[in-house]
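Everything below concerns the one structure shown next.
FYI, it's all coordinate maths here, none of it is from the lab. In this text the structure is predicted, and so the values were computed from the model without any measurement. Every residue, glycine as well, gets a Cβ built from its backbone with ideal geometry; the counts of neighbours run over all protein chains shown.
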Amino acid sequence: MTSSLHNSTDTQTLDAVLGGLMRRYSERVPDVQHVINAMIDEGVIQTPDEIENDHIAFRTMGVPHLGLASFEKIFRHYGYEKRDEYNFIEKKLTAYWYAPPEPKYPRIFASELRVSELSDEAQRIIHRYTDTVTSDPVDALNLDDADAVDQFLHQPLWTTPTLADYQTLLKESEYAAWVIYNRYYLNHFTISVHNLKPGYNTIDEFVDFLTNRGFRLNSAGGTIKVSPDGDLRQASTVAQMIDAEFAGGDVFRIAGSYVEFAERRVLPPFRNLAPDQITRQHRREGFETGNADKIFESTFTTQTGK
Ligand code: OOG
Ligand code: NI
């Protein structure tokens, strides 16, 4: 099915699913409201709906019946189209981005852990939880029922891990530990800074503003991550810590989700266009492996423990 065949029922369902994701994410990540409040206080925006959400991101476990092959069915049903692949050799991750059915919707960046590349012990731990999933749970879901999809995205897919298992995974793969606890929780939403008012519409200016307001930013590879072509510039907060309850009632502070900021520059052939003529298609599209590799670390202890 192509996006042009998509009807208003699909987009209404998508609106509701995205609304549910953003609502729970904002409740869980106080920085979301703090950033928005700081932007209003500074006069960068008047209301939150002026913010363009560049993309949202999800993480998945690459095992049978789960992973991207399962997860992506949800958003492809709403007209998202699969685009470029990204490979993270050290982190053992594969990712894709998905283009939305209409420009008003965020892009999606979704990644998957290549579980089979981990040590036997880590694989055993992961499978102890994920092996209870014996068929693709998305196939059992009515994707036209927004409430059902919202519940699915926020329900435990497997039993709550033990703290010992979490900590063993953490030593080998911070990503694995994140997913075993957080599952499909929204990993981040992303403020498009290029559409903000002058003085705040470059990543350098926006990062200055965030730093002056006391936000802690991910410093892996430098605060501002720049693509080799210079046209995709990104920064992110350090993930907020949450008090996570593990099996047996153990409570431990672990990384939750974070907020990202992206500047997509106008591509060279369009640089002579008047500012009011510039739309999404004139700007740098997609993602960048080198940038993403460092942005993943927003939830890693090297950043959260700084
Ligand atoms: C995703 C990190 C990559 C980007 O925009 O390149 C990313 C994650 O932390 O799951 O968001
Ligand atoms: Ni991102």
Does Val44 qualify as being over 17 Å from the mean Cα position of the chain (by Cα) and in contact (Cβ under 8 Å) with a residue 60 or more places away in the chain? yes
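If you go through the range 286-306, how many residues are closer than 20 Å to Asp31 by Cα and within 10 Å of ligand 1 (Cβ to nearest atom)?
The initial filter retains those residues of the range 286-306 that are closer than 20 Å to Asp31 by Cα, namely 294-306.
Subsequent filtering for residues that are within 10 Å of ligand 1 (Cβ to nearest atom) retains 294-300.
Selection size over the range 286-306: 7.
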Please go through the range 231-253 and pick out each residue that is out of contact with any Ser or Thr (no Cβ under 8 Å at 6 or more places or on another chain) and closer than 20 Å to Leu21 by Cβ. Ile242, Ala244
When you check Lys92 against the structure, is it surrounded by 17 or more Cβ atoms within 10 Å (Cβ to Cβ) and out of contact with any Pro (no Cβ under 7 Å at 6 or more places or on another chain), yes or no? yes
Here, helices (runs of 4 or more DSSP H) confined to the range 27-139 with at least 1 residues that are more than 16 Å from ligand 1 (Cβ to nearest atom) and of a type in the set (Lys, Arg) are 67-77, 120-130
Would you pick out the residues in the range 253-278 that are over 17 Å from Leu232 (Cα atoms) and either in contact (Cβ under 8 Å) with a residue 40 or more places away in the chain or out of contact with any helix residue (DSSP H, G or I) (no Cβ under 8 Å at 6 or more places or on another chain) (or both)? Arg253, Ile254, Ala255, Gly256, Ser257, Tyr258, Asn272, Ala274, Pro275, Asp276, Gln277
Which of (1) surrounded by 19 or more Cβ atoms within 10 Å (Cβ to Cβ); (2) within 16 Å of ligand 2 (Cβ to nearest atom) is the odd one out, the single condition Met22 does not satisfy? (1)
Report, by residue number, each residue of the range 243-279 that is outside any loop (DSSP other than H, G, I, E, B), more than 16 Å from ligand 2 (Cβ to nearest atom), touching a Phe, Trp or Tyr at 6+ places or on another chain (Cβ under 9 Å) and not small (Gly, Ala, Ser). Asp243, Glu245, Phe252, Ile254, Gln277
Looking at (1) in contact (Cβ under 8 Å) with a residue 60 or more places away in the chain; (2) more than 16 Å from ligand 2 (Cβ to nearest atom); (3) part of a helix (DSSP H, G or I); (4) farther than 25 Å from Gln167 by Cα, find the lone condition where Pro228 falls short. (3)
In the range 182-192, residues that are surrounded by 22 or more Cβ atoms within 10 Å (Cβ to Cβ) and more than 13 Å from ligand 2 (Cβ to nearest atom) total 0
